[in-house]
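Below: one structure, written as structure tokens.
The values are calculated or read from the model by the stated rules, or taken from the named source; none is laboratory data. For clarity, every value in this text was computed on a predicted model and none was experimentally measured. Here the Cβ positions follow ideal geometry from the backbone for every residue, glycine too, while neighbour counts run over all protein chains shown. Quick note on the areas: whole protein, heavy atoms, side chains included, nothing else; ligands and nucleic acids left out. Shrake-Rupley method; radii C 1.70, N 1.55, O 1.52, S 1.80 Å.
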Amino acid sequence: MLDRRTAITALLAHRSRDLAIITGLGSATWDVASVGDHDRNFYLWGAMGGAAMVGLGLALARPDLRTAVVTGDGEMLMGLGSLATVGVQRPANLAIIVLDNGVYGETGMQPSHTRHAVDLAATARACGIDLVLDVAEPDELQRLAALLPGFDRTLFARVRITPDEPPRVLPTRDGVELKLRFRRAVGADRGEAS
Amino acid sequence: MREPTWDKEAEVAATPLPRSETGWPDQLFGVLKAKDIRQVGYVPDAGHSRLIELCAADADIRDVVLTTEEEGIGLAAGAWLGGQRAVLLMQSSGVGNCINMLSLTKNCRFPLVMLVTMRGEWAEFNPWQVPMGSIVEPALRLCDVLVSRADHADAVADTVEAAIELAFGGELAVAVLLSQRLIGRKVWVK
């Protein structure tokens, strides 16, 4: 098992310019923000269960970008059906990275379903995503980090992390600001004036 | 073996009414094309079946089948982040599945267009459709979704066109309710 901040830093410290990130609410948002704020980050502070679908809509709209959804096991579980929806579309430029610590960290560390028999990597495979990484060791993390700038089919990674609570790094929670700056950063604000 | 109980209501509901060919789904498709809609998220629905078929056959529209309607709220937000316009097709019962996800739309002021075929109102045979169908409009309004309604085939294209202009012009959430009367009676016994 990996330390969550070490893992997210290894994945994002040298992110490529074309990478856009959607975060699921809670710890995944704080983790991504801890590597440094970025105008191509879109953080969810709510809408639990929606991160993968926001990523899917973006990935389909923008094949010229790579979209990575970074979320936690609890958030992914609430939107489990969205893995089936992603499995039907399978955009080549979408990665879903689940930081899986087996607990609901924001609410008092109650065990999540992944502490039991539920296996999110197997679920992703069963939904038709065939590039699935199960990351628990540093060398597997390096493999995922190396894949991120160049993957060419839908990628799902379960990253096993230790259940702890590192200091929170809070990005802005103004949704309009997050939307506008993201759209400017990817040039989506042009062409809607007509 | 006992004879099945004769259900008069089922038989009455099964009698197809003579209806003229309205073509409103085809007109609606024309509006989506004219307004540059590029993603259409839907949970399969009989009232939208023709429109779904047209969208799936169009090379410039990505049809995205959803497992539950709330997925579509995220999909539409993501599409807009990337600069594309999406619309969602759903039945009235699906509106209830969207409630918490609409906080994403409201907090970020995402544009949203929901085209909702109504159940649980005009000539409904199945009472299980009524509890959600009857609160669709107030529920959407509570979520700050602007609601308009088309009761007749010749009003559909105009109403949806206006809703799309409102949504993407002002980054607002808009729903158009397509009345059950427009969809017609569901044939229960074939």
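Quick notes on this structure:
- Any hit, region A:113-121, residues being in contact (Cβ under 8 Å) with a residue 24 or more places away in the chain, of a type in the set (S, T, Y), in a loop (DSSP other than H, G, I, E, B) and away from chain B (no Cβ under 14 Å): no
- Counting only helices (runs of 4 or more DSSP H) wholly contained in region B:28-103, the ones carrying 3 or more residues that are at the interface with chain A (Cβ under 9 Å from one of its Cβ atoms) and open to solvent by less than 50 Å² (accessible area, probe 1.4 Å) occupy B:70-81.
- For the condition touching a strand residue (DSSP E or B) at 6+ places or on another chain (Cβ under 7 Å), of a type outside the set (S, T, Y), in a helix (DSSP H, G or I) and farther than 30 Å from A:L65 by Cα, B:V116 does not qualify.
- Of all residues in region A:136-194, those satisfying the criterion of being β-branched (V, I, T), within 21 Å of A:I97 (Cα to Cα) and in a loop (DSSP other than H, G, I, E, B) are A:T154, A:T162, A:V169.
- Options B:V147, B:V136, B:V160, B:V156: the member that is within 14 Å of the chain's Cα centre (by Cα), more than 19 Å from B:P25 (Cβ to Cβ) and crowded, with 23+ Cβ neighbours inside 10 Å: B:V136
- Put simply, of A:A7, A:A51 the only residue that is more than 10 Å from chain B (Cβ to nearest Cβ), within 15 Å of the chain's Cα centre (by Cα) and within 25 Å of A:R115 (Cα to Cα) is A:A7.
- For the residues B:L172, B:L112, the requirement of being within 14 Å of chain A (Cβ to nearest Cβ) and over 15 Å from the mean Cα position of the chain (by Cα) singles out B:L172.
- Across region A:54-88, the number of residues qualifying as over 10 Å from the mean Cα position of the chain (by Cα), closer than 21 Å to A:P149 by Cα, at the interface with chain B (Cβ under 7 Å from one of its Cβ atoms) and in a helix (DSSP H, G or I) comes to 6.
- As a summary of the residue check, A:G46 satisfies the conditions (1) open to solvent by 10 Å² or more (accessible area, probe 1.4 Å); (2) assigned to a helix (DSSP H, G or I); (3) under 11 Å from A:T23 (Cα atoms) except for the one numbered (2).
- Residue ID - farthest from the other protein chains (Cβ to nearest Cβ), chosen from residues in region A:161-179 that are open to solvent by less than 50 Å² (accessible area, probe 1.4 Å) and in contact (Cβ under 8 Å) with a residue 40 or more places away in the chain: A:T162
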